[in-house]
Amino acid sequence: MHYDTVESGHFLTLRKTPFPHALIEQRLLGMAGGGPAGMAFRNQVLAAAGWPHDGLTPFAKYPDKAAAAFNRIGRALADDPDCAQLLAALA
């Protein structure tokens with residue numbers, strides 16, 4: 001699946017339709033089955049994509065780094081990988 005480019009400003013504004021990073025997060029959670037396992041996988045993928053902060057740091061604090069990480073993930077998800085393939089692609 002193709003995701004639109006994530007921009008830094010997306011983390012600083014609100015709108016009715018979800019931003020691309022929210023769609024990417026939903027996909028990551030679903031890939032690992034949701035719940036705590038989904039959140040752990042999401043955090044692992046974000047770290048592999050270059051997000052150096054823990055799960056308590058808001059993306060809006062470092063929007064450029066967050067956008068870069070989500071864009072890497074979005075490109076890797078285009079090939080419809082499984083969990084292991086996604087992590088390998090981001091390594």
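The values are calculated or read from the model by the stated rules, or taken from the named source; none is laboratory data. Bear in mind that the values here come from a model prediction, so they are computed numbers and not experimental data. Note: ideal-geometry Cβ built from the backbone for every residue, glycine included; neighbour counts use all protein chains shown. Note: accessible area is taken over every heavy atom of the protein model, side chains too, but ligands, DNA and RNA are not part of it. Shrake-Rupley method; radii C 1.70, N 1.55, O 1.52, S 1.80 Å.
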Original post:
Among the residues of the range 1-40 satisfying the criterion of being in contact with a Leu (Cβ under 8 Å, 6 or more places away or on another chain) and assigned to a loop (DSSP other than H, G, I, E, B), which is farthest from Leu56 (Cα to Cα)?
Top reply: Met1
Original post:
Going through the range 51-91 one residue at a time, which ones are in a loop (DSSP other than H, G, I, E, B), in contact (Cβ under 8 Å) with a residue 40 or more places away in the chain and small (Gly, Ala, Ser)?
Top reply: Ala78, Ala91
**OP:** Would you check which residues across the range 3-22 are open to solvent by 60 Å² or more (accessible area, probe 1.4 Å) and either aliphatic (A, V, I, L, M) or in contact with a Gly (Cβ under 9 Å, 6 or more places away or on another chain) (or both) and list them?
**Re:** Asp4, Thr5, Leu12, Leu14
Subject >> Residue that is farthest from Ala91 (Cα to Cα) [pool: residues in the range 13-31 that are of a type in the set (A, V, I, L, M, F, W, C) and modelled with pLDDT of 95 or more] >> reply: Phe19
